[in-house]
């Protein structure tokens with residue numbers, strides 16, 4: 001089956017139990033602003049959130065998730081940050097606000113902080129490391145260590161595993177693979 005024309009990820013939506021509580025969480029911690037809100041054709045409240053002056057919405061909350069649902073269909077919502085210092089600041093602010101059970105993981109290619117929002121949706125805050133190692137990879141991370149300690153530990157972890165590369169080497173290889181796949185697909189059209 002041929003792939004679709006080029007696409008890019010734009011936004012995602014989440015069904016909410018308490019739409020106002022969920023909106024307050026994402027506005028207060030992540031800095032989203034409501035761009036619109038209303039009622040859908042079926043009577044459900046909907047809130048459009050964005051952090052961009054270019055995108056009407058990047059995140060949509062829609063009421064209607066049953067409070068007694070036994071299964072959360074969301075596997076993970078991930079947010080990138082700019083630096084280890086930013087990730088550490090997120091950890092501190094979330095801890096100070098009473099959020100518990102946060103998991104810190106060194107994936108080799110990224111440092112991640114996992115937690116759940118007020119409705120139990122899994123969240124990841126992460127920052128890329130300068131290295132690549134095949135995934136999945138799970139090492140210990142302690143955001144209370146210095147950046148130098150974390151960098152040294154992660155580099156050692158990555159270099160100890162087969163497939164080590166720098167992020168730039170991995171990205172160059174992936175760009176090449178994507179270009180080859182696009183070229184092969186163009187020949188099939």
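Highest-first packing order for the peptide set 70-78, 82-90, 103-111, 32-40 is 103-111, 82-90, 32-40, 70-78, based on the mean count of other beta carbon atoms within 10 Å.
For residue 159 and residue 89, what does the FRET efficiency come to when R0 = 22 Å and r is the distance between their Cβ atoms, rounded to the nearest 0.05? Efficiency at R0 = 22 Å is approximately 0.20. Three principal axis extents describe the C-alpha atoms of the range 11-65; from largest down they are 29, 21, 16 Å. Exposure proxy shown here: for 50, 146, 166, the number of other Cβ atoms within 10 Å sets the order, fewest to most, as 146, 166, 50. Looking at (i) 1.10; (ii) 1.01; (iii) 1.22, which value of Cα Rg over 2.2 N^0.38 Å comes from a calculation on the structure shown? Given (i) 1.10; (ii) 1.01; (iii) 1.22, the calculated one carries the label (iii).
For 102, 174, the sequence from fewest to most other C-beta atoms within 10 Å is 174, 102. At the listed q of 0.24, 0.27 Å⁻¹, the Debye profile of the range 98-161, built from one uniform point per Cα, gives log10 I(q)/I(0) equal to -0.98, -1.15.
Here the range 111-171 and the range 16-60 have alpha carbon centers that stand 30 Å from each other.
With Cα atoms as the point set, the range 31-141 shows a radius of gyration and Dmax of 16.5, 48 Å.
Readers should treat all values here as calculations from the given coordinates under stated rules, not as data from a laboratory. This one's a predicted model, so the numbers in the text were calculated from it and none came from an experiment. Note that we place each Cβ from the backbone using ideal geometry, even for glycine, and neighbour counts take in every protein chain shown.
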